Amino acid sequence: DICSYTTISSELTPRQVVALLSGLYDRFDKLCEQHGMYKVEIVGDCWMAASGAFPRFAPREAALRAARQALDMAQ
């Protein structure tokens, strides 16, 4: 979820909200590919991904990839 999304979105036009979310989700999708994560779904302002759900990486590697993605998403 996006922190303070309700407050932020109430101060923007609908077009600005769509642009904000689209930009964020595009960035998150690229990071997902970069880190070998699996994007599960998007519901409103909630973007969900998984790591380790498939035997693509060892559990430790999957956890590290998820942590790196989270750090990159926060920047």
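Here the 3J(HN,Hα) profile of region 12-21, calculated from phi with Karplus coefficients 6.51, -1.76 and 1.60 at θ = phi - 60°, is 10, 6, x, 4, 5, 5, 4, 5, 4, 5 Hz, Gly and Pro shown as x.
The value of relative contact order for the chain, using C-alpha pairs under 8 Å at least six residues apart, is 27 percent.
Extent along the principal axes, Cα only, for the chain: 44, 17, 16 Å, with the longest axis given first. Seen against the Cα atoms of the chain and their longest principal axis, helix 59-74 is set at about 20 degrees. Counting charges near D1 (Lys, Arg +1; Asp, Glu -1) among other residues having Cβ under 14 Å from its Cβ returns a value of -2. Multiplying the residue separation of R27 and C3 by 0.36 nm and subtracting their alpha-carbon distance yields 7.0 nm.
Bear in mind these aren't lab numbers, they're just calculated from the coordinates by the rules spelled out. What you see is a predicted model; the values in this text were computed from it and never measured. Glycine gets a Cβ as well: all are built from the backbone with ideal geometry, and neighbour counts include every protein chain shown.
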